[in-house]
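**Student:** Here it is, the structure, as structure tokens.
The values are calculated or read from the model by the stated rules, or taken from the named source; none is laboratory data. Just so it is clear, the model here is predicted, and its values are computed rather than measured. Cβ placement follows ideal geometry from the backbone for every residue including glycine, while neighbour counts extend to all protein chains displayed.
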Amino acid sequence: MYNSLSNGIELSRSANYIKLALFLYLFAFMMLMNASFGIFIKAILSVAVSVQLRLLIKSPYPGGRLNLQYLNEEWIIHRNSQTQIFTKRRLLLNTGVFFLLEFSSPTQRIVIPVFLDQLSSTEFRSIILGLNVNEL
């Protein structure tokens, strides 16, 4: 991770994301087993849930591998070797476990989930306030 938003903050793996996803997939599997579907349909859906769970465990990044930067009043997001530039940032939801950030520009808008265990407390404050860490 970097020291300031001008250099960028790379979102790390999230153990809380894995725990929450495992809980939800386990709940979905239990609901599937209690459903009144035939055994063949239950087997197919169970395989589909298992494949999704395996893909989730392979990549424990909720919004993908991201690097966030704040330069010259613009938010720059690097994702999968693509760069997107946004002019506005808004906090949509903060649950205490994760928060949703909305980045928007005149032509596009994205919402990114960020779990709190992906960031240090200083990085969290700098993202929320939109400041460099040195300015705090």
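**Student:** With respect to Lys42, determine if the residue is of a type in the set (D, E, K, R), closer than 30 Å to Leu32 by Cα and modelled with pLDDT under 85.
**Tutor:** In short, no.
**Student:** Of a type in the set (D, E, K, R), under 20 Å from Arg89 (Cα atoms), assigned to a loop (DSSP other than H, G, I, E, B) and modelled with pLDDT under 90 - does that describe any residue in segment 6-26?
**Tutor:** Kept after step one, since they are of a type in the set (D, E, K, R), are these residues of segment 6-26: 10, 13, 19.
Now restrict to residues that are under 20 Å from Arg89 (Cα atoms): 10.
Retained after the next criterion (residues that are assigned to a loop (DSSP other than H, G, I, E, B)): none.
No: segment 6-26 contains no residue that is of a type in the set (D, E, K, R), under 20 Å from Arg89 (Cα atoms), assigned to a loop (DSSP other than H, G, I, E, B) and modelled with pLDDT under 90.
**Student:** Can you tell me how many residues in segment 76-96 are outside any strand (DSSP E or B) and of a type outside the set (Gly, Ala, Ser)? Walk me through it before giving the result.
**Tutor:** Kept after step one, since they are outside any strand (DSSP E or B), are these residues of segment 76-96: 80-81, 87, 95-96.
Keeping just the survivors that are of a type outside the set (Gly, Ala, Ser) gives 80, 87, 95.
Total satisfying the criteria: 3.
**Student:** Somewhere in segment 29-36, is a residue crowded, with 16+ Cβ neighbours inside 10 Å and of a type in the set (Ser, Thr, Tyr)?
**Tutor:** no
**Student:** Pairs please, first residue from segment 1-21 and polar (S, T, N, Q), second anywhere and in a loop (DSSP other than H, G, I, E, B) and modelled with pLDDT of 80 or more, Cβ atoms under 6 Å, 6+ apart in sequence or on different chains.
**Tutor:** Close Cβ pairs satisfying both conditions: Asn16/Val97.
**Student:** Let me ask you something else. If you take the residues of segment 68-114 that are under 16 Å from the mean Cα position of the chain (by Cα) and exposed (fewer than 11 other Cβ atoms within 10 Å of the Cβ), which of them is farthest from Ser126 (Cα to Cα)?
**Tutor:** The qualifying residue farthest from Ser126 (Cα to Cα) is Asn80.
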